[in-house]
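Have a look at the structure below, then the notes.
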There are 2 protein chains.
Amino acid sequence: MTNEEIFAKTTINSWKLAIDRLDQMFSSLSDEDLQTEVAPGRNRVFYLLGHLTAVHDRLFPLLGLGQRLHPELDEEFLSEPDGKSSDRVSAAELRRAWSEVNQQLMAAFVALPPEEWLKRHEAVSEEDFAKEPLRNRLAVLQSRTIHAGTHVGQISLAVKRQ
Amino acid sequence: MTNEEIFAKTTINSWKLAIDRLDQMFSSLSDEDLQTEVAPGRNRVFYLLGHLTAVHDRLFPLLGLGQRLHPELDEEFLSEPDGKSSDRVSAAELRRAWSEVNQQLMAAFVALPPEEWLKRHEAVSEEDFAKEPLRNRLAVLQSRTIHAGTHVGQISLAVKRQ
């Protein structure tokens, strides 16, 4: 492996570890358990499952990896706060979307040549990117990995209460 | 910048974003606020401040970057669960140790040549590393960045209640 390959593979592997941990937690919770709030009055795990799916789905266009799979989730899980009792999607649908998005993302990540991670993402202009080369795709992946981590920390509070 | 430099700098920057976010949260909380539990019956922010400081301090030997600064924190904040009311360190001392550890870590990270991130860390043997080259220093840094993220997610629950 070249050094660039090791840099890219290590970073993808760190993303995978965060996703695996979320997978394990979601699998350990029944559909009823998903209704648990991570802390009193805070988001339900159900909402965070939808939220993470929507955020990850947006990585396809943001990283130039193709079309989104589930744009219909944005309103309920990104634009709006946790509606608590007015769910418009079933837990089964949400679990399926979560798996589908992450599986297809992983396939796209693995297929991306290492140096492509250092190119600009779609939310930064060519002009700005010329001045700030750290605003690259790798930074987006790492930012979303940390984001996943923040919700791992919150959901673990609910998992341990079950 | 070479591609290796961009890979390394982007990853260090992601770590910095997580540390900055923790810094902001800790600064926004008074010493009394640090006694807040992130959820009922769970760790206090005070414990997580000590825990994160100890975990980050252990990066010095783990990454071959030098001696630890605060090994005395391990017992209270790593070996033991949150003791709630028997604190042996003051909030002021803990805040100082947190800043000191992260500042010196950042200086060491920035000074490390990019390719050094791909070498083995001290917790993996040369033999194992030859078979598993992704068990490198970069993976450790990314793992600790996600770990910091999990506690960002938990502490944010306490910050919003203040």
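Would you mind stating whether residue B:143 is within 16 Å of the chain's Cα centre (by Cα) and among the polar types (S, T, N, Q)? Yes, satisfied. Residues in the stretch B:123-140 that are within 15 Å of residue B:61 (Cβ to Cβ) and either more than 17 Å from the chain's Cα centre (by Cα) or hydrophobic (A, V, I, L, M, F, W, C) (or both): B:123, B:124, B:140.
Could you check, for the stretch B:115-122, whether at least one of its residues is without any contact (Cβ under 8 Å) to a residue 24 or more places away in the chain and of a type in the set (Phe, Trp, Tyr)? No, the stretch B:115-122 contains no residue that is without any contact (Cβ under 8 Å) to a residue 24 or more places away in the chain and of a type in the set (Phe, Trp, Tyr). All conditions but one from (1) touching an Asp or Glu at 6+ places or on another chain (Cβ under 7 Å); (2) at pLDDT 95 or above; (3) not in a helix (DSSP H, G or I) apply to residue A:88; the one that does not is (2). Scanning the stretch B:105-140 for residues that are buried (at least 17 other Cβ atoms within 10 Å of the Cβ), within 9 Å of another protein chain (Cβ to nearest Cβ) and part of a helix (DSSP H, G or I) yields B:114, B:117, B:118, B:138, B:139. Can you find, within the stretch B:1-31, the residue that is farthest from the other protein chains (Cβ to nearest Cβ) among those that are small (Gly, Ala, Ser) and touching a residue at least 40 places away in the same chain (Cβ under 8 Å)? Filtering first and then ranking leaves B:28. Of all residues in the stretch A:37-55, those satisfying the criterion of being within 17 Å of residue A:102 (Cβ to Cβ) and within 14 Å of another protein chain (Cβ to nearest Cβ) are A:45, A:48, A:51, A:52, A:55.
From the list A:135, A:58, A:68, A:88, the one residue that fits, being in contact with a Phe, Trp or Tyr (Cβ under 7 Å, 6 or more places away or on another chain) and either under 26 Å from residue B:9 (Cβ atoms) or touching a residue at least 12 places away in the same chain (Cβ under 8 Å) (or both), is A:135.
The values are calculated or read from the model by the stated rules, or taken from the named source; none is laboratory data. Note that the coordinates shown come from a computational prediction; the quantities given were computed from them, not determined experimentally. Quick reminder, even Gly has a Cβ in these numbers, built from the backbone with ideal geometry, and neighbours come from all protein chains shown.
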